[in-house]
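This report refers to the structure that appears directly beneath it.
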Amino acid sequence: MRKQDTPSLPGWIEDAYLSIEGYLQSQSNVESVSRQQAAELISEVDPDFNSADIDHALNHLLNRGWLYEVNDRLFVTEFQEYG
């Protein structure tokens, strides 16, 4: 679960997160992505991200509770409600 008292995400990490969340919400039969798939989704947001940037973003999202990992698969902890 997301930590309630954490500050909002830096903009570039939020963009990375939204690319993963958006992909998973658009897929009716997919609940998770591999790290490689997540890296590809993030690269689509900003092709200038290098592998260190992507690793940092994913680790930040995992450490802050926006994503969780099970058996080398990344899951969104809680989808945002857009209305």
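For the stretch 54-66, the Karplus equation 6.51 cos²θ - 1.76 cosθ + 1.60, evaluated at θ = phi - 60°, returns couplings of 5, 4, 4, 4, 5, 5, 4, 5, 5, 5, 8, x, 6 Hz by residue, with Gly and Pro reported as x.
Can you tell me the dipole magnitude for the chain around its Cα centre, using point charges on the Cβ only (Lys, Arg +1; Asp, Glu -1), in Debye to the nearest 20?
Working: 5 positive and 15 negative charges, 59 e Å.
Its charge dipole is roughly 280 debye.
The value of relative contact order for the chain, using C-alpha pairs under 8 Å at least six residues apart, is 38 percent. Rounded to whole Å, the principal axis extents of the Cα atoms in the chain read 32, 30, 29, largest first. Placing pseudo-labels 7 Å out from each Cα toward the beta carbon at residue 36 and residue 78 gives an inter-label distance of 3.3 nm.
At full extension, residue 26 and residue 71 could sit 14.0 nm farther apart than now, given 0.36 nm per residue minus the alpha carbon distance.
Readers should treat all values here as calculations from the given coordinates under stated rules, not as data from a laboratory. Please read all numbers here as calculations on a predicted model, not as lab measurements. As a convention, Cβ positions derive from the backbone with ideal geometry for all residues, glycine included, and neighbour counts pool all protein chains shown.
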